[in-house]
Amino acid sequence: MRLLHTSDWHLGQSLHNYDRHHEHQCFLDWLLDTIVAEQADALLVCGDVFDNANPSAASQRQLYRFLRTAKQRAPRLDVVVIAGNHDSPGRLDAPGPLLEEQGTRVVGNVPRHADGAIDVEQLVLPLTGSDGNVAAWCIAMPFLRPADVPRIDPRNGQDSGDPYLGGIALLYRQALAVAQARRQPGQSIVAMGHCHMVGGEMSNESERRIVIGGTEMLPSGIFGADIAYAALGHLHLAQAVGKQPHIRYSGSPLPLSFSEVHYQHQVLRIDLNDGQPAEVTPLAVPRAVDMLRLPEKPAPLEQVLEHLAALAPPDAPFEARPYVEVRVLLDQPQPGMRAKIEAALDGKAVRLARIDTSAVRRAPSLEEVTESLEQLDKLQPDDIFKRLYRQRYDADAPAEQLAAFAELMAGV
């Protein structure tokens, strides 16, 4: 049986106020072609389908058109979608009855019986192979909030030290027990989750913590030995967890910040055979819109402006032009800097997304730090301004800067 594992689409996301609908559509079109070319039996989408809990109508139409077209082009394809921490569980669940007729099963909320008890049976879904027979059982676990997990009873020896993490581990064990009971010879068990695993590497600037304090990090031991593959979402960098090749983050299909300029995004192809550990193959996702840092290393403004002026005129539609982060090295404040950069980029083949400024800083000595801490309550605002200016630019503040600061303080 062959699966495709993807996650963190973040449909509806904007990058520094630029809409990314075009990029998401290019990815979805590529994914449709890949499903057909790879003869995939199932598609696992591991959360954060949308960028926020109240996605736009355009983003929702984009998802449902993709699911409809996938059914048309690959009629036997099973699709399983779980909610991530960005998604609204109820919004994802709402069209579930209609989507099931198209071969798509969505798990947004943790299902419950009428008495409020967790319905673990509904978290374990069959996946069928090309012959129409069940080839694997999928534990479809959505993002779990503290109220979603079973309570740990210390009297039963289940106390893990943290009731939230212990409850997650218990729920996975319960779901695995259901999958083991249903499994027939030759069938595999796979697990889905949207979580932060211990040792997982985050992508700078594009992710937010699930729970403040780091207590959300889960050990890879929550996935039992019978699980042939664990498909994870949340971390945007594709990676194996704890050097275990069968426990993986697929990563996001698009770069979600400039920290991912040089990162190759991907979807994972998973081959299951007779209940054995999975074979994993990365499939590189083409980048529809490039992201540039100009220059590669921060440089003085005049050099940056010369670099930008040498760029070519546009030869692509606006939505396909690269995003650019302009990187400026400052030795003093540069009033009107943005206007100068925008003028240099006028008529060029890029879209200005961000201006990143940095300064050559002289690290303060221990004596200066100690003095500052001791005398802070004695300093006047203009004294602090002068010291900060010198620390940042290694020079005395110009008279016009001091005058502007005095005018600001007078207004306050």
Filtering segment 295-341 down to residues that are assigned to a helix (DSSP H, G or I) and either basic (Lys, Arg) or assigned by TED's automatic domain parsing to the domain that holds residue 262 (or both), which residue is surrounded by the most Cβ atoms within 10 Å (Cβ to Cβ)? 340
Single residue of 175, 147 found to be in the same structural domain as residue 222 (by TED's automatic domain parsing) and buried (at least 19 other Cβ atoms within 10 Å of the Cβ): 175
Condition test on residue 173, is it part of a loop (DSSP other than H, G, I, E, B), of a type in the set (D, E, K, R) and under 30 Å from the mean Cα position of the chain (by Cα)? no
Look through 15, 4 and report the one residue that is more than 23 Å from residue 191 (Cα to Cα), touching a strand residue (DSSP E or B) at 6+ places or on another chain (Cβ under 9 Å) and surrounded by fewer than 24 Cβ atoms within 10 Å (Cβ to Cβ). 15
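Residue-wise test of (1) at pLDDT below 95; (2) of a type in the set (Ser, Thr, Tyr); (3) exposed (fewer than 13 other Cβ atoms within 10 Å of the Cβ); (4) under 20 Å from residue 277 (Cβ atoms).
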residue: 86; (1), (2), (3), (4): no, no, no, no
residue: 103; (1), (2), (3), (4): yes, no, no, no
residue: 119; (1), (2), (3), (4): no, no, yes, no
residue: 123; (1), (2), (3), (4): no, no, no, no
residue: 159; (1), (2), (3), (4): yes, no, yes, no
Complete set of residues in segment 21-49 that are among the charged types (D, E, K, R) and crowded, with 22+ Cβ neighbours inside 10 Å: 41, 48
Mind listing whichever residues of segment 236-254 are part of a loop (DSSP other than H, G, I, E, B), free of Cβ contacts under 8 Å to residues at least 40 places away in the same chain and more than 30 Å from residue 181 (Cα to Cα)? 237
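Yes or no, residue by residue, for (1) modelled with pLDDT of 90 or more; (2) among the small types (Gly, Ala, Ser):
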site: 314; (1), (2): no, no
site: 327; (1), (2): yes, no
site: 335; (1), (2): no, no
site: 347; (1), (2): yes, yes
site: 353; (1), (2): yes, yes
site: 358; (1), (2): no, yes
site: 363; (1), (2): no, yes
site: 376; (1), (2): no, no
Every residue from segment 176-203 that is touching an Asp or Glu at 6+ places or on another chain (Cβ under 6 Å) and in a strand (DSSP E or B): 189
Residue among 36, 81 that alone is touching a strand residue (DSSP E or B) at 6+ places or on another chain (Cβ under 7 Å) and β-branched (Val, Ile, Thr): 81
Those residues that are hydroxyl-bearing (Ser, Thr, Tyr) and farther than 12 Å from residue 194 by Cβ, I need them from segment 226-251; list them, please. 229
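The values are calculated or read from the model by the stated rules, or taken from the named source; none is laboratory data. Note that the structure is a prediction, hence the values are computed from the model and not measured. We place every Cβ from the backbone using ideal geometry, glycine too, and count neighbours over all the protein chains shown.
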